[in-house]
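The next block holds one structure in the form of structure tokens; read it before the comments.
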């Protein structure tokens, strides 16, 4: 265990930072994002070869956890961006600009079949919505002849 010495000014700075983070109603959301950012930066600064070796020696579960965290982060990011855009805050889009293919969403052409596939998947997964649940629903929908369109 390492001993870390802090000056009074360091402690004051940290206390002020924590208090500032708690000013918003959802301070834990932002605090967690900051921690994720710090940890990602630290991992990215490490020797990639050394990390690759660790993962290859029976610790591939860590790769799975990162993949799941990315899926979760994607979902939160997409949700917040959609909410932001519904409120009419179109920073990324000039008024009158048409949606590009990337900004369009896939929509089921057979909503009834899609709802059935989604209900089927929800019965099989404890956590819904989740990447696994949605992926299973998409696979079932596609296997039953469902098609998609961009809207």
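Scanning the range 125-140 for residues that are under 22 Å from the mean Cα position of the chain (by Cα) and assigned to a helix (DSSP H, G or I) yields 131, 132, 133, 134, 135, 136, 137, 138, 139. Residue pairs whose Cβ atoms lie under 7 Å apart, sitting 6 or more positions apart in sequence or on different chains, and linking a residue in the range 25-53 that is on the phi < 0 side of the Ramachandran plot and modelled with pLDDT under 95 to a partner that is assigned to a helix (DSSP H, G or I) and surrounded by 10 or more Cβ atoms within 10 Å (Cβ to Cβ), are 27/21; 30/21; 31/21.
The values are calculated or read from the model by the stated rules, or taken from the named source; none is laboratory data. Here the structure is a predicted model, which is why all the values come from computation and not from measurement. All Cβ positions, even for glycine, are placed from backbone atoms using ideal geometry, and neighbour counts span all protein chains on display.
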